[in-house]
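Single-structure report; data block below.
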Amino acid sequence: MNDNSELPGDGKQRSNSQTGSSDTESDGNTQQSSATDHTDDDQSSPSIKDVATVPHKAVIRPEDANTTITSTPIVDVRNLTKTYVIGRTHIPALQGITLRVYQGEFVAVMGPSGSGKSTFMNLIGCLDRPSKGEYWLAGKLVSRLSNDELANIRNHQIGFVFQGFNLLSRSTALSNVILPMVYAGISKEEREQRGRSMLRLVGLGQRMNHKPSELSGGQQQRVAIARALVNRPALLLADEPTGNLDSRTSLEIMAVLQALNDQGLTILMVTHEHDVARFAKRQVAFRDGLVVHDEPNPSPDSAKDEWTKLVNRTAAEHKVKVTEEAH
């Protein structure tokens, strides 16, 4: 798959907030790849553009069906509670959440500010510990692990995509993608192979040696997605992945996530935008630290189709404008 045929938006449009890497990034000495990009590699890799055309099917949770539950949930939280203590004040952020997410689900977690959705994501990402309750990840009780064990879980079992791209500004796309594998102790040869494969998967086969400043916002977020996938996680956590992007580029990123989900990747996404949540196969709403809505979305909208319509409409409007100016 070359960049002319890559999934929506090859990146000529930037949002106002796309200024390269995140303000919170810290540049370091990252391993640079001396290898050059090869178009031929793209032609033999799985194409997200093709996969994105596969009709979406809602995943039915076993507990909602009249069947015996035989599969192990990827995420299984039981009476999860989180209370923050500030001085003598106790602030309940989560109040006994019980929720399961199964292999292949694409779940949108929604809610207003202060609803508990961000706290929930921090707990699921092993970035914080619950005050009470249990959290099982892929059949393993992780809520009582040590800090070192949690770090290992984060590196191997969970992929993170944030609102800010958090890319190292002086490193290439490939170097950014392979960085988690350095910490995982993976050999240089395999790091290169996996990194290239993931970048091709997200449609950036010809942008591997570009730095963040040479990429659009949508392309930078795709690099971040590739980085989240290189250690082959059981779960992808996306926290407001389109928050820094304009409408067109947001559709591009949602099309990438839908395509990855169609290939079997389990995705848990936090968003406050209903326009983004409608692309997920299940919608969970939080309010006041409680789950107030949890329903499947049997027919999620296709981000790829909407992106195509938007591009065609923009092209038609431009053609009309050019015609009018010619007269």
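Laboratory data are not the source of any read-out in this text; all were calculated from the coordinates shown. For clarity, every value in this text was computed on a predicted model and none was experimentally measured. Please note: Cβ atoms are built from the backbone with ideal geometry, for glycine as well, and neighbour counts cover all protein chains shown.
Remark: pairs (first residue in region 120-132, without any contact (Cβ under 8 Å) to a residue 40 or more places away in the chain and buried (at least 18 other Cβ atoms within 10 Å of the Cβ); second residue part of a helix (DSSP H, G or I) and not basic (Lys, Arg); Cβ separation under 6 Å; 6+ apart in sequence or on different chains) = 126/150; 126/153.
Could you please find all residues in region 172-207 being in a loop (DSSP other than H, G, I, E, B), within 27 Å of residue 126 (Cβ to Cβ) and in contact with a helix residue (DSSP H, G or I) (Cβ under 8 Å, 6 or more places away or on another chain)?
Taking region 172-207 as the starting set, the residues that turn out to be in a loop (DSSP other than H, G, I, E, B) are 172, 184-187, 202-207.
Going one step further and asking which of them are within 27 Å of residue 126 (Cβ to Cβ), we end up with 184-187, 202.
184, 186, 202, listed by residue number.
For first residues located in region 241-264 and without any contact (Cβ under 8 Å) to a residue 60 or more places away in the chain and within 18 Å of residue 310 (Cα to Cα), partners that are among the charged types (D, E, K, R) and buried (at least 24 other Cβ atoms within 10 Å of the Cβ) and lie 6+ apart or on another chain with Cβ distances below 8 Å form the pairs 253/222. Comparison of 145, 123, 94 shows that the only residue that is assigned to a loop (DSSP other than H, G, I, E, B) and out of contact with any His (no Cβ under 8 Å at 6 or more places or on another chain) is 145.
Name the single residue that is surrounded by the fewest Cβ atoms within 10 Å (Cβ to Cβ) among those in region 197-236 being more than 22 Å from residue 185 (Cβ to Cβ), without any contact (Cβ under 8 Å) to a residue 60 or more places away in the chain and not basic (Lys, Arg). My answer is 214.
Restricting attention to region 287-310, and to residues there that are assigned to a strand (DSSP E or B) and over 20 Å from the mean Cα position of the chain (by Cα), which single residue is surrounded by the most Cβ atoms within 10 Å (Cβ to Cβ)? Lay out the reasoning, then the answer.
Pass one, region 287-310, residues assigned to a strand (DSSP E or B): 287, 290-296.
Retained after the next criterion (residues that are over 20 Å from the mean Cα position of the chain (by Cα)): 287, 290-295.
Numbers: 287: 15, 290: 15, 291: 21, 292: 11, 293: 11, 294: 16, 295: 10.
Ranking the qualifying residues of region 287-310, first place goes to 291.
Condition check for residue 245 on (1) part of a loop (DSSP other than H, G, I, E, B); (2) among the hydrophobic types (A, V, I, L, M, F, W, C); (3) closer than 27 Å to residue 76 by Cα: one failure, at (3).
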